[in-house]
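Taking it in order: structure first as structure tokens, then the write-up.
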Amino acid sequence: MKVKKYDQFNESVYQAKLANGLTVTMLPKTDYHKTYATLTTNYGSIDNTFVPAGSTELQRFPDGIAHFLEHKMFEKADHDAFQIFGQYGASANAFTSFTKTSYLFSATRHLKENLTTLLDFVQDPYFSTATVEKEKGIIGQEIEMYDDDPSWRLYFGMIGNLYPNHPLQYDIAGTTDSIAKITADDLYAAYRTFYHPENMTLFVVGNFDQDEVLALVKANQDAKDFTTFQPIERKIPETAADGHDIIPYRTIDMPVNRAKSIVGVKGLVPIESGAAALKYRAAVNVLLELLFGDTSADYLRLYDQGIIDDTFGYDFELQNGFNFVTFSGETDDPAQFDTAIIDVLENWRRAVADQDDALALVKKEMIGRVVFMANSLEAVANRYDQRLFGTATIFDEPAVIDSLTLDDLTAVAEQLLQSQAMSEYQIRPQAKN
């Protein structure tokens, strides 16, 4: 078992890779009452074309299958995993993102039983034609709900602009038409491919002894039989390095009282995983705070001019294989909103040049946020991404942020904020009859 100490935080992270390939990462925090655990597979909504385990041919699976599989994992032939967690006083859940699926629980007692339940229900799939058909109706209602959500439509409308030939453009849950095609055999094929321990990580943080937890997990895994891992072959379409595939502008009408607009910027340069990805994320976040933080000159100017208001916000998405930034808000004049945001982005140098004092202040604020998050078991676990950041954890972030210079921000801005990488998407109020 390897250990990585963070003396500044008085924390130690322990990690071991089991014989079956499962990576176990543990962060004991004995001054907490609660324990939080996540079991994650590197399988998300964009992984819809792959070679199923035991096969040699690429196969296209219905959009939304990763999310559908997540829903079905809790239901077994004679019980529901939620019931077992409830018996042991745990709160359980799961989520699917573009690149991963995580199953989780938090509990203040019965750690052994809850951790065993987590491992056992995720590693014991049960799908039948009847239960799959029933789930289609449940997820179909969820999809329809999001289809009626203007903010959700705005966000995925922009992703569709930035990645028109990429599975990113599809809703994580799929569509009612795509999930209608999912079969129990499809779910088993996806499960056998992506739910092998070699493709999974277990992260446990909270009140426990690391040796006891590792012994428990090892014994649980040693008692199970797993097939030999077949390296996963996925097909993710490449996107144009010069951004020529980006759709520059789209608009739709919806029953909203006020228009919504979003400006997106696609990262055209691939980001290396590990320390480089951690530094890139930190640099982009600091850069965005200098440009659009609520004390920045451009933010105050646009706010005073009424171009943006309290609905304005920005978001940076960095996952394995892609990254993009979005800026959105409600507005009475979508064209004016978009033009103003793009002007700030294209003239980023005025917000960066000679801003050493502002940089120092932003870094201090961001380090404070990270330190605050480090006190949250959920934030510590959910922020961990071995596939993207390697062995780095939330405790590595403050030093990375503190090391950033204006030259680092300049390099990132030149790489990310390219005019050909920008796009606009608007939702306008429907005309009343």
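Only Lys, Arg, Asp and Glu count, each charged at its Cβ (+1, +1, -1, -1), so figure out the dipole size of the range 249-429 about its Cα centre, rounded to 20 debye.
Roughly 460 debye for the range 249-429.
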When DSSP assigns beta bridges and you keep just the ones with both residues in the chain, what percent turn out antiparallel, to the nearest 5? 80
Extending each Cα 7 Å along its Cβ direction at A399 and D222, get the distance between those two points in nm, one decimal. 3.5
Positive-end extreme of charge dipole, the range 97-254 - chosen from L216, V205, T131 (charges on Cβ): L216
Counting Lys and Arg as +1 and Asp and Glu as -1 over every other residue whose Cβ sits under 12 Å from the Cβ of P164, the net charge comes to +1
Residues of the range 228-249 with amide nitrogen under 14 Å from the 7 Å Cα-to-Cβ point of L58? 233-239
Based on Cβ point charges of +1 for Lys and Arg and -1 for Asp and Glu, what charge dipole magnitude is obtained for the range 2-222 about its Cα centre, in debye rounded to the nearest 20? 640
Could you go through the range 238-243 in sequence order and give the Karplus-derived ³J(HN,Hα) for each residue, using 6.51 cos²θ - 1.76 cosθ + 1.60 with θ = phi - 60°, rounded to whole Hz, and x for Gly and Pro? 6, 10, 5, 5, 9, x
Lysines whose Cα lies under 17 Å from that of K235, excluding same-chain neighbours fewer than 8 positions away: K100
Run lengths n ≥ 4 of DSSP H only: what is the helix-derived mean residue ellipticity at 222 nm for the chain, with -39500 (n - 2.57) per run over all residues, to the nearest 500? -12000 deg cm²/dmol
5 Å is the cut-off here: which amide hydrogens, built 1.01 Å from N in the peptide plane, fall below it relative to M200, excluding neighbours closer than 5 in sequence? T23
Return R258, R281 ranked ascending by Cβ neighbour count within 10 Å, so the fewest neighbours appear first. R258, R281
Using alpha-carbon pairs under 8 Å, 6+ residues apart, how would you state the relative contact order of the range 1-148 in percent? 21
Options T41, I159, L388, ranked by Cα towards positive dipole end of the chain, top entry (Cβ charges): T41
All other residues with a Cβ under 13 Å from the Cβ of K224 taken together, and with Lys, Arg as +1 and Asp, Glu as -1, what is their net charge? -3
Cα lying deepest toward the dipole's positive end in the chain, options V362, T331, A374, charges on Cβ: A374
Could you work out Rg/(2.2 N^0.38 Å) for the range 34-128, with Rg from alpha carbons only? 1.18
If you average over every viewing direction, what projected area does the convex hull of the Cα atoms of the range 2-222 give, in nm²? 14.3
Could you line up Y146, Y88, Y36 from fewest to most neighbouring Cβ atoms inside 10 Å? Y146, Y88, Y36
If you bin every alpha carbon distance in the chain into 10 Å steps from zero, what whole percent lands in each bin? 4, 19, 27, 27, 17, 5, 0
Would you mind checking K2/K218; K29/K112; K72/K218 for any pair whose Cα atoms are more than 20 angstrom apart? K72/K218
For K76, list long-range residues whose amide hydrogen, built 1.01 Å from N in the peptide plane, is under 5 Å from its own amide hydrogen. A81
Net charge near S128, counting Lys/Arg +1 and Asp/Glu -1 over other residues with Cβ under 15 Å of its Cβ? -4
Among K134, K218, rank each residue by its count of other Cβ atoms within 10 Å, from fewest to most, as a rough exposure measure. K134, K218
List the residues whose amide H sits under 5 Å from the amide H of G174, counting only those 5 or more places along or on another chain, with H placed 1.01 Å from N in the peptide plane. G64
Only Lys, Arg (+1) and Asp, Glu (-1) charged, at Cβ; the chain dipole about Cα centre in debye: 860
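Taking 0.36 nm per intervening residue step and subtracting the Cα-Cα distance, what contour gain separates S12 from E238 on full extension? Please list the in-between numbers first.
Details: separation 226, 0.36 × 226 = 81.36 nm, distance 3.92 nm.
Taking 0.36 nm per residue and subtracting the Cα distance, the gain is 77.4 nm.
Since every read-out is calculated from the coordinates, none of them should be taken as a lab result. Computed from a predicted structure; not experimentally measured. Here Cβ is always computed from backbone atoms with ideal geometry, including for glycine, and neighbour counts include all displayed protein chains.
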